[in-house]
Amino acid sequence: MNTNNVAEQRPRILLTGSTGYVGGRLLKALEAGGHPTRCVVRRPEFLRARVAGTTEVVQGDVLDPASLTSALDGVHTAYYLVHSMGSTGAFEEEDRRAARNFATAARAAGVQRLIYLGGLGEREEKLSPHLRSRHEVGDILRESGVQVIEFRASIVIGSGSISFEMIRALVERLPVMITPRWVSTLAQPIGIEDLVTYLMAVLDRAFDGNPIFEIGGADCVSYGDLMQEYARQRGLKRVMIRVPVLTPRLSSLWLGLVTPLYARVGRKIVDSVSHATVVKDPAALQVFSIRPVGVRDAIQRALHNEDQECAQTRWSDALSASGAVQSWGGVRFGSRLIDSRSVHVPVPPPVAFTPIRRIGGTTGWYYGDWLWRLRGFIDLLLGGVGVRRGRRDPEWLRAGDTVDWWRVEAIEPNQRLRLIAEMRLSGRAWLEFEVTEDTGGSLIRQTAIFDPVGLSGLAYWYLIYPLHQWVFAGMLRGIATACRQQPVSPMTGPTARPQSNNEFPSAGT
């Protein structure tokens, strides 16, 4: 039997948020289940290398109504996994616009069903802007007339999830924690595997109306309980001293300093966890045969995956998570400012490229790491991403990966790596490395590129130009030194040949 023909006969599914944490996990489940899937993303080149050959990747933006028409053409069911938590602007208004655009386009395209992931929380309470927006988006989608199946969840626990990374960072780094009042608020965490199972379970079932299912794990706990359970499983003793004086803003800055979270994301999380998010309606347990695990098992599974050094997806993979401007809205850039230098190394290109693909994260930047950390701290205070995202994997990179405050825009195995900055800047910045074969070895060319916006962009470039000269020159020397220290195998390289021009194999493959 031709499995491709069988897949073609099944209804087409559209997935939004496929570069995000939950969406990335759901995409793998859809592919494994043989569902013909189309992903709509702002930057298709960041996703194409990660999907199966049967998955279609198209360009689109929920804030651009025109781009949704073709994306939704022929779609039976669409998952709406979009939010603007990482936005630097008025995220509630962005959420409204996005939901209205998508709902209108879905109705016009004849989509039969929308599946939406929202958040728990009692509407009678004065909810945080983030939780309030999650509820409002569900209302907007239902107004379209298309059937909407909404799941409402609390904290998601899994390797790479925003909640798990925050808990892990706090417990691992702080033997004694001064904790604010919100650490005692109750939640009902759900494991990522159980969440994805729920999202998949509705595909082959019929429902009347627009059902809302509240879903959670087996336990109702607080963030403090989660931290204590994590510490127990890691064999760590931790003391928590609770104080009432840390405001949400101070708490978010504290999280930004200690954890991988950006300050603005941390603020939205703090605002949200100040409200209890527990399941009140047990309908999901009655309708579905899914029995989610408790906190102990969810953390155990997350730790197991973290121990493998490579989570399938990470919350910072989402292109919206950084809050970086993906479209400059008609801003006209002046001439690009370029700083370029090169060095010859007496090793073949695969060896020369090895320290380049390991850059950032725990490896560092080969020179002046304390300056990078200082710049990251300043970026954090300005509401940027800082340097705490690290890397998905210490050894391999693929297009779309985050590397501290950069993102991999393009990668060609053993030849080229181009990073685009997601820090707060008056312009756009890239850092590119190219490796070419040279007489007796390889030539490494390092190029920093800056597109300034207005006088502030030009002033920024020229004020820090002397520092760039020092840091970038030292970085290239450090890379050259690392190249010479790499062992060279008889196959002229320390690694196996990567799978494609856009992706190196991950540690888990």
Practice problem: Quickly run through segment 166-214 and pick out the residues that are assigned to a loop (DSSP other than H, G, I, E, B), at pLDDT 85 or above and out of contact with any strand residue (DSSP E or B) (no Cβ under 8 Å at 6 or more places or on another chain). | Solution: Asp204, Arg205, Ala206, Asp208
Self-check item: Candidate set: segment 129-155, residues that are on the phi < 0 side of the Ramachandran plot and small (Gly, Ala, Ser); chosen: the one modelled with the lowest pLDDT
Solution: Ser133
Exercise. Might you let me know whether segment 31-48 holds any residue that is farther than 23 Å from Phe151 by Cα, of a type in the set (A, V, I, L, M, F, W, C) and at pLDDT below 95?
Key: yes
Quiz prompt | helices (runs of 4 or more DSSP H) wholly inside segment 53-145 that include at least 1 residues being open to solvent by less than 20 Å² (accessible area, probe 1.4 Å) and polar (S, T, N, Q) | solution = 129-142
Exercise. Of all residues in segment 32-50, count the ones that are in contact with an Asp or Glu (Cβ under 7 Å, 6 or more places away or on another chain), in a loop (DSSP other than H, G, I, E, B) and within 27 Å of Asp95 (Cα to Cα).
Key: 1
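Return a yes/no flag: does segment 374-390 have any residue that is surrounded by fewer than 21 Cβ atoms within 10 Å (Cβ to Cβ) and assigned to a strand (DSSP E or B). Give the steps one after another, and end with the answer.
Applying the first criterion (surrounded by fewer than 21 Cβ atoms within 10 Å (Cβ to Cβ)) to segment 374-390 yields 374-378, 381-383, 390.
If we keep only those that are assigned to a strand (DSSP E or B) too, we end up with none.
The answer is no, given that none of the residues of segment 374-390 is surrounded by fewer than 21 Cβ atoms within 10 Å (Cβ to Cβ) and assigned to a strand (DSSP E or B).
Take segment 118-169 and flag every residue that is of a type in the set (A, V, I, L, M, F, W, C), closer than 25 Å to Ala105 by Cβ and in contact with a helix residue (DSSP H, G or I) (Cβ under 8 Å, 6 or more places away or on another chain).
Val137, Ile140, Leu141, Val146, Val148, Phe151
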Exercise. Among what's in segment 431-455 and is at pLDDT 90 or above and aliphatic (A, V, I, L, M), pick the residue that is nearest to the chain's Cα centre (by Cα).
Key: Leu431
Exercise. Select from segment 8-26 the residues that are of a type in the set (Lys, Arg) and not in a loop (DSSP other than H, G, I, E, B) and list them in ascending order.
Key: Arg25
Quiz item: If only one of Arg398, Arg428, Arg392, Arg416 is more than 19 Å from the chain's Cα centre (by Cα) and over 20 Å from Phe377 (Cα atoms), which one is it?
Solution: Arg416
Self-check item: Checklist (1) of a type in the set (Asp, Glu); (2) surrounded by fewer than 17 Cβ atoms within 10 Å (Cβ to Cβ); (3) within 28 Å of Val51 (Cβ to Cβ) applied to Glu437, failing item
Solution: (3)
Quiz item: Taking segment 216-245, which residues are open to solvent by 70 Å² or more (accessible area, probe 1.4 Å), hydrophobic (A, V, I, L, M, F, W, C) and part of a strand (DSSP E or B)?
Solution: Val239, Ile241
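The values are calculated or read from the model by the stated rules, or taken from the named source; none is laboratory data. If you're wondering where the values come from, they're calculated on a predicted model, not measured in any experiment. Cβ coordinates were reconstructed from backbone atoms using ideal geometry, including for glycine residues, and neighbour counts include every protein chain displayed. Heads up: the accessible areas ignore ligands, DNA and RNA and are worked out on the full protein's heavy atoms, side chains in. Shrake-Rupley method; radii C 1.70, N 1.55, O 1.52, S 1.80 Å.
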